[in-house]
1. What per residue convex hull volume, in Å³, do the alpha-carbon atoms of the chain yield?
2. Could you work out the relative contact order of the chain, using alpha carbon pairs under 8 angstrom and six or more residues apart, expressed as a whole percent?
3. Scan the chain and hand back the longest stretch that contains none of the GluC sites (Glu not before Pro) lying in DSSP loops with at most 16 other Cβ atoms within 10 Å.
4. Within 10 Å, count the other beta carbons around each residue, average over each peptide in 273-280, 108-115, 254-261, and list them highest first.
5. Once the piece of chain linking residue 195 and residue 52 is laid out straight, how much longer is it, given 0.36 nm per residue of separation minus the C-alpha distance between them?
6. Farthest toward the dipole's positive end in the chain, which of 96, 234, 197, given Cβ charges of +1 (Lys, Arg) and -1 (Asp, Glu) about the Cα centre?
7. Could you check the simple spin-label distance between residue 25 and residue 147, using points 7 Å along Cα→Cβ, in nm with one decimal?
8. If Lys and Arg each add +1 and Asp and Glu each add -1, what is the summed charge of the other residues whose beta carbon sits under 12 Å from the beta carbon of residue 225?
Amino acid sequence: MKLVAVVLNWNGGDDTLRALASLEAIETICVDNGSTDGSDAEVELRFPKVELLRNGANLGYAGGNNAGIRRALERGADWILILNNDAEADPGIAEALARAAQARPDAGLLACKVLFEDGHTVMYAGSSFNALLGYSGRREGFGGPDRFHESHDVVRADGAAMAVSRNAFDRVGLLDNGLFAYVEDVELSLRVRAAGFAVVFVPDAVVRHKGGASTGGAASTTNLYYDTRNTIVVVERHRPLPPGLRALRRGVVVGAHLLQTARHPARGEAVRAVLAGWRDARVGRLGQRSSR
């Protein structure tokens, strides 16, 4: 099995350097997503074995990673590990993924175990997704100690660290560029499963993830906009409903996201971001959020 890793740099600085260092034993492509902090030059200097692709613009999580995925496929990858630039892979991740791929030839997507930076607290150990309600569900084990040591099938992977097979990409296509950022992991997981592949949680493929670095952290409202818009778009694509029920489900999605704004440090802006996401989903306005 040939594994190639793809790391997307969006002004990642030290985060990107740590992510790349954690992949030292794995053939890696770093895609620079229009960074402006000089981190692309630092990557080139510090990691001469890493292939650096410069997009010249911010193409989002989907578009940026797709550039790396295409190049990895050109290089003959059987599996492609997508790793966020604010995540670090633990030693042995390549071997764990290889074992899982061999044990589960029906798998098209291998979901890594994602821990918080402390290396002990779970961020992701599997998750469901209810397309009828537009609800992702609480990630399994979130915020608790790591007690997940058995492989099992899951509904969706987490985009912080997931490996996708060449066969799956050939069958279902790449990440959806129109979503730009957030929910692409859910959407890809749904397509992979609809095509007959399994999505499998691999407990020995471990990464530690900071989270939020690419979109400004906890104070940002960027995630609320994209998560609202893209959740609506994805559920309507994969679980269409009649107009009346569709409107009701949109209301459920918007309401759930408005609840998240209650303790936001910039609550007014957060509410506006959720409503903007809803409006753009209604008219089919995708891609990067407009500055209007």
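1. On the way: hull volume 36.2 nm³, N = 292.
Taking the convex hull of the Cα positions in the chain, it is 124 Å³ per residue.
2. Details: 599 pairs, mean separation 55.8, N = 292.
Across the chain, relative contact order equals 19 percent.
3. Working: sites that count: 24, 117, 140, 150.
Counting only loop sites that pass the neighbour cut-off, the longest clear stretch is 151-292.
4. Going from most to least packed, we get 108-115, 273-280, 254-261.
5. So the extension gain works out to 48.3 nm.
6. Farthest towards the positive pole: 234.
7. With each label placed 7 Å out from Cα toward Cβ, I get 3.0 nm.
8. Around residue 225, the charge tally is +2.
All of the numbers you see were taken from the coordinates with simple rules; none came from a lab. Only a predicted model underlies this, so the values are computations on that prediction, with no experimental measurement involved. When we count neighbours, we look across all protein chains shown, and the Cβ atoms used for this are built from the backbone with ideal geometry, even at glycine.
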